[in-house]
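The values are calculated or read from the model by the stated rules, or taken from the named source; none is laboratory data. If you're wondering where the values come from, they're calculated on a predicted model, not measured in any experiment. Because the Cβ atoms are built from the backbone with ideal geometry, glycine has one as well, and the counts that use them run over all protein chains shown. When the accessible area is computed, the model is the full protein with side chains, heavy atoms only, and any ligands, DNA or RNA have been set aside. Shrake-Rupley method; radii C 1.70, N 1.55, O 1.52, S 1.80 Å.
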Amino acid sequence: GRVWTPPLSHLILPGVTRALLLDVLAGCGIEVAEATVDEALLRAADEVWFTSTTRDLVAVARLDGRVVGDGTQPLAERAWREFQRYKEFRLR
């Protein structure tokens, strides 16, 4: 029920898509925590996704050949839908 994202640093670019998605998530009541995402947290995650300027949000199905979580990505799907709604609204 919480989205973890690494804080901005010299390793994480301050992308527009990332910033907008964090705002969209907050507007939907989805908790976001900025903290170091180490390998243990990543491997224990129910879902893994990243943002992209050209693809908005990309869900990761497998990590080192292993299925992420139970193989579903309901939060990623919801986040993607909400992000698309946001873009449609802003483009009007």
### Query
With respect to GLU88, is the statement that it is open to solvent by 100 Å² or more (accessible area, probe 1.4 Å) and free of Cβ contacts under 8 Å to residues at least 60 places away in the same chain true?
yes
### Message
Which numbered condition in (1) under 17 Å from GLY15 (Cα atoms); (2) touching a helix residue (DSSP H, G or I) at 6+ places or on another chain (Cβ under 7 Å) is the only one that VAL48 fails?
### Response
(1)
### Message
Go through (1) more than 16 Å from TRP80 (Cβ to Cβ); (2) part of a strand (DSSP E or B) for VAL37 and report which single condition fails.
### Response
(2)
### Message
Quick check on the range 1-46: of everything there that is open to solvent by 40 Å² or more (accessible area, probe 1.4 Å) and of a type in the set (Lys, Arg), which residue is nearest to ALA79 (Cα to Cα)?
### Response
ARG2
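For every residue, the table says whether it meets (1) assigned to a loop (DSSP other than H, G, I, E, B); (2) of a type in the set (Asp, Glu); (3) out of contact with any His (no Cβ under 7 Å at 6 or more places or on another chain).
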site	(1), (2), (3)
ALA19	no, no, yes
THR54	yes, no, yes
LEU75	no, no, yes
ARG78	no, no, yes
GLU82	no, yes, yes
ARG85	no, no, yes
PHE89	no, no, yes
### Query
Scanning for something open to solvent by less than 50 Å² (accessible area, probe 1.4 Å), of a type in the set (Val, Ile, Thr) and out of contact with any Lys or Arg (no Cβ under 7 Å at 6 or more places or on another chain), does the range 71-80 turn up at least one residue?
no
